[in-house]
Every structure is written in C-alpha cells, then in structure tokens.
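The values are calculated or read from the model by the stated rules, or taken from the named source; none is laboratory data. Computed from a predicted model, the values in this text were never measured in an experiment. Here the Cβ is made from the backbone with ideal geometry for all residues, glycine too, and neighbour counts use every protein chain on show.
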Amino acid sequence: MAKTALVWFRSDLRLADNPALTAAIAAGQPVIGLYIEETDPDLRPLGGASRWWLHHSLQSLQRDLAALGIPLELRRGPAEATVASAVQTHSAAAVFWNRRYAPAQREHDAAIKAMLLRDGIEVSSFGANVLVEPWDIATGAGGPYGVYTPFWNALRQKDISRPLPAPAPTGKPVTITEPIDAAYRLPHWAEKLGAHWQIGETTAAAKLRAFLDGPLGDYPEGRDFPARDVTSRLSPHLAFGEISPRQLWHAAQVLNQRAPATAGPVEKFLKELTWRDFNYHQLYHRPDIAREPMQARFGGLPWRDPGDALTAWQKGQTGIPIVDAGMRELWETGYMHNRVRMLTASLLAKNLLVDWRLGEAWFWDCLLDADPANNPGNWQWVAGSGLDAAPYFRIFNPVTQSNRFDAAGAYIRKWVPELARLPDDLIHDPAAAPGFVLRDAGITLGKTYPEPIVDLKASRERALAAFKAL
C-alpha cells in the first residue's frame, strides 16, 4: 500500500491558512484528513452547543476537502490510540497538525509526537490559531505578560505572518462514502440554533467581508449597544477555526491601507482580536485557567451556596431585565452580546457570590463560541481573579448599564417580551415601577415576571467586603 500523509484537524476546520494541510499536500503523498472525538478523561469535552456547531462544521469541511481530492475521516476514542490506529490503517508515513495550547492538550500532543517518532513516523506541527505563538512574545524580563496593554503594544510590533491561500486540488474530487453523521451525540435542545446560524469556511469569509464593508465603521461605539447589529459575529467561526486570526488581522489591515479613515475602527477591532491572543497567552503559561484562579489569593474566596439563584440565572428569571434578556438570548441562539456577557457574569460572581466556575461551565455548554482560552479568561476577568490592576471593585450595576446601553429597551423587549409594554424609563427596573404602571403593562411581579433575586446595592457591599477580606 502506498504511504500516505495524515492531517489531524482539531480547531482548524478550514482549507485556507491551514499550514498543516498545506505542508501535507506539499509533501507529495496522498493526503487523508482525520478528526478525532477525543475521549481522554483529562481533556475537556465540548459543550452541547459546540457539539452542534462541530457536527455541521465537519460536514462543511468534508465537502470542501472532497472537492480537493482529500477524504475526511471521523474517529472516536483516546487520542494516542486513535492516532496510532489511523496511522496503521492508512500506512501513514507522516502526520501533520496545527498546535493547541491548553495544558492537557499539549501533554497529549507531546506524548503522541514521541510515540510516532519512535515508530519512525514523521511529525510536523504548526502555529495556525493565534496571531503570535505564546512563547514568541515576552516581557522585557523574559516572562509572560500579565497586563493586556503592554501585551497589545508588543504584539502590534510583531510581523504577523500573512495567511496562506487555500490549496489547489490534489487530484479528482473524491466521493464521500462515509458522511459525517450525528455520531457526535447532538443535544436535542440545540436543533433550534440552526435558525440563527450558517456554518462553514465560506460563510465565515463572507461574514468578514460584510463586516469590514459595513458595520466596522460604527464598531468602536456601537459594539457596546446590544440592540445594534454592529459586531462581526465571527466568534464561533474563529473558535472552530473556520477562519484564522491571521486572516482577520490582515483583512483589516488591507482595509485600513485602502481607506485610511477606518484607522480608528480597525484598531479597535484588532485590539479585541488581540484580547483573544492575550487569553491564549494565559492558557499556555498558567495552570488550567478553567479551574485555577490566575491570582492565587482568590482561591480562598468564600463562595455562597448557589441554591435556586443559579437556576434562576441560567433560565433568565432573575428579575433583572438586562440579565434575563442576555441569558434568554444565549439559550435561544447560542450567543450573547459581549457587554451583556459581562453584566450576567458580574451579577453571578459578584452580586450573588456564586463561584465563577459554575457560570463558566454554563457558558461552556451553551455558547457556540465557547473557547478554552476566552471563556475562562473572560470569566476570571469579570470575577476579579483574572489579570488586572485592581479588579475586585469592578462590579457592574446592570440597571445603570441597561439604561446607558439599551436606553429604549429594544434589547430587553426582544428577549423579555412580557415587559414590552413598560415605558422606556421603567423597563430596566420593573421592581421600581409604580403599581398602576405595572398593571397597565399587564405585569404582576412574582407571577408574570419575577421580583429581583438580589438587592443590587446590598449585594455589592457584601461582595466588596468579601474581596477586601482576601
């Protein structure tokens, strides 16, 4: 049997700017794509929403690879044994992959590489899913960065590699004999997500072009307003590698060169993209950030028993409209506006003093863009245990924020329709509305809409006391 090259796809489900795929094709051997549903207990399994996206993304990738003449195979099992089996089945002489950065992932990849090399199999790995490899950017003292702004200033000076083009066909298109089916155990509740999303590399590229040609101009200010449609909504595509951060970076830079007036919006967009790299920097250099606080002193914070509060928060029944709107948007669409993510997380971790890891786990299961670096990194930033100068006193007031960023209540009315008849100035805090206003709006607190599950002022003081005690 002729020797082959295996490309092990992970979070890089694309053809363009895929160094592992490009290198495998250049090696001149027949190429076979491989995706493994890894069952190793120390690897974090995907959440339900992510499994739904992955299923459809793999279908898209399988079609795209087939057009190049490359089959894609889906296997399930422990990573090391499954790779070894695939190598044997296909008489592979070489295995190619793009690197990943979580501690357990790195340990597995190192063990698999050592195993393959012992067996005389060539192994090649590449950087493809961050702008700069975590070990290629360091402080003046040679250590990892712990503050974002210096990290941004250092990264922007780096020569970010230009994205690779999609490879040309390697031969005749192949027939898909084993299509990607629902073997990935799709959760039944995720079926509704299809009404809100299109998936795949082609969609991601089109969405990037549409964003740069339109909403980007309003991005610096408009991105804070959840009722405005001015964000790129590329995060799920980025999380699964249907588009690479280098493609986003250079597309934005090209736009800026063509239209210098876009310099401000482009820089803001690139700063948000760089925040993702900053979180990957922490993921690489620190213990598991989904479990361990980045600031060790927060390990002793006395979290409260979540009780019914966690369930009310998950279901969007807290009695605080902007929070309930965000949690319902999440459940219905697998997505939540970024500012509202901060507000919902702050209420749980600060006002309710519920362990941020419980909220992070819920987001991990429900978010389509759940990311091993961004998800825990952002939760820790809000909870106070992340890397910031003095974060413990940052406690968002959701009512104040709602008045500021959803003044007309459009976002709340969309996701909390039982409040739709309240006037703009009272929709943010129904508990403060006069009885006759509630009656006219058809609202009975505690029945048609819950009373607030927490007093915002008193709980803020309680949180400040707990954090100061550390």
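Okay, residues lined up against (1) closer than 19 Å to SER459 by Cα; (2) in contact with an Asp or Glu (Cβ under 9 Å, 6 or more places away or on another chain); (3) buried (at least 21 other Cβ atoms within 10 Å of the Cβ):
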{"position": "GLU292", "(1), (2), (3)": "no, no, no"}
{"position": "ILE322", "(1), (2), (3)": "yes, yes, yes"}
{"position": "TRP331", "(1), (2), (3)": "no, no, no"}
{"position": "SER346", "(1), (2), (3)": "yes, no, yes"}
The condition of being over 18 Å from the mean Cα position of the chain (by Cα) and closer than 25 Å to ALA296 by Cβ holds, among LYS447, LYS350, only for LYS350
inquiry  = I'd like to know if the stretch 148-159 contains one or more residues that are surrounded by fewer than 19 Cβ atoms within 10 Å (Cβ to Cβ), more than 23 Å from SER385 (Cβ to Cβ) and touching a Leu at 6+ places or on another chain (Cβ under 8 Å).
reply    = yes
Q) Is there a residue in the stretch 130-146 that is hydrophobic (A, V, I, L, M, F, W, C), more than 21 Å from LEU13 (Cα to Cα) and in a helix (DSSP H, G or I)? A) yes
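To keep it simple, each residue is scored yes or no on (1) without any contact (Cβ under 8 Å) to a residue 60 or more places away in the chain; (2) touching a Cys at 6+ places or on another chain (Cβ under 7 Å); (3) outside the structural domain of ARG106 (by TED's automatic domain parsing).
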| position | (1), (2), (3) |
| --- | --- |
| THR39 | yes, no, no |
| GLY47 | no, yes, no |
| SER50 | no, no, no |
| SER60 | no, no, no |
| GLU80 | yes, no, no |
Residue set ALA104, ALA67; condition under 21 Å from GLY200 (Cβ atoms), outside the structural domain of PHE240 (by TED's automatic domain parsing), surrounded by fewer than 17 Cβ atoms within 10 Å (Cβ to Cβ) and at pLDDT 95 or above; output residue ALA67
Counting only residues in the stretch 201-227 that are modelled with pLDDT of 95 or more and in a loop (DSSP other than H, G, I, E, B), the one surrounded by the most Cβ atoms within 10 Å (Cβ to Cβ) is identified as PRO226
Of the listed residues (LEU348, LEU353), the one being among the aliphatic types (A, V, I, L, M) and part of a helix (DSSP H, G or I) is LEU348
> Is it true that some residue in the stretch 211-230 is within 30 Å of GLN29 (Cα to Cα), in contact with a Gly (Cβ under 7 Å, 6 or more places away or on another chain) and not assigned by TED's automatic domain parsing to the domain that holds HIS428?
Replying inline: no
Exactly one of LEU301, LEU283 is under 21 Å from LEU238 (Cα atoms) and either out of contact with any Lys or Arg (no Cβ under 8 Å at 6 or more places or on another chain) or modelled with pLDDT under 95 (or both), and that residue is LEU283
Margin query: Taking the criterion of being in contact (Cβ under 8 Å) with a residue 24 or more places away in the chain, surrounded by 16 or more Cβ atoms within 10 Å (Cβ to Cβ) and in a helix (DSSP H, G or I), would at least one residue in the stretch 183-192 satisfy it?
Written below: yes
Scanning the stretch 382-428 residue by residue, those hydrophobic (A, V, I, L, M, F, W, C), closer than 30 Å to PRO302 by Cβ and crowded, with 24+ Cβ neighbours inside 10 Å turn out to be VAL382, ALA383
Going through the stretch 22-66 in order, the residues found to be aliphatic (A, V, I, L, M) and assigned to a helix (DSSP H, G or I) are ALA23, ALA24, ILE25, ALA26, ALA49, LEU54, LEU58, LEU61, LEU65, ALA66
Any residue at all in the stretch 252-265 that's out of contact with any Phe, Trp or Tyr (no Cβ under 9 Å at 6 or more places or on another chain) and among the hydroxyl-bearing types (Ser, Thr, Tyr)?
yes
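Can you say whether GLU461 is of a type in the set (Asp, Glu), part of a helix (DSSP H, G or I) and exposed (fewer than 13 other Cβ atoms within 10 Å of the Cβ), as far as the supplied structure shows?
Yes; evaluated as a whole, the condition is true for this residue.
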Scanning the stretch 1-51 for residues that are polar (S, T, N, Q) and more than 23 Å from ASP288 (Cβ to Cβ), the one nearest to the chain's Cα centre (by Cα) turns out to be ASN18
Counting only residues in the stretch 152-182 that are of a type in the set (A, V, I, L, M, F, W, C) and assigned to a helix (DSSP H, G or I), the one nearest to TRP249 (Cα to Cα) is identified as LEU155
